[in-house]
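Undergrad: I am attaching a structure below and will ask some questions about it afterwards.
The values are calculated or read from the model by the stated rules, or taken from the named source; none is laboratory data. Keep in mind it's a predicted model, so treat the numbers as computed, not measured. Cβ: placed from backbone, ideal geometry, glycine included. Neighbour counts: every protein chain shown.
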Amino acid sequence: MDIGTVRGLITGALIVLFLALVVWAYSSKRKEQFDRAARTALEEDDK
């Protein structure tokens, strides 16, 4: 294996990881958690 093949494999793995992260972030299962996290900054000021 030469360096070009290694770089190509690393690039491919990073693209797959990035796409998995995007799917995870936009999953409908996570919406409630992200909504709660978005409200925490506003709720802490009220205390």
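Undergrad: Considering each of Leu42, Leu19 in turn, give the residue that is surrounded by 10 or more Cβ atoms within 10 Å (Cβ to Cβ), out of contact with any Ser or Thr (no Cβ under 8 Å at 6 or more places or on another chain) and part of a helix (DSSP H, G or I).
TA: Result: Leu19 is the single residue among Leu42, Leu19 that is surrounded by 10 or more Cβ atoms within 10 Å (Cβ to Cβ), out of contact with any Ser or Thr (no Cβ under 8 Å at 6 or more places or on another chain) and part of a helix (DSSP H, G or I).
Undergrad: So, one more: For the structure I just gave you, tell me whether Val6 is modelled with pLDDT of 85 or more, within 12 Å of the chain's Cα centre (by Cα) and part of a helix (DSSP H, G or I).
TA: no
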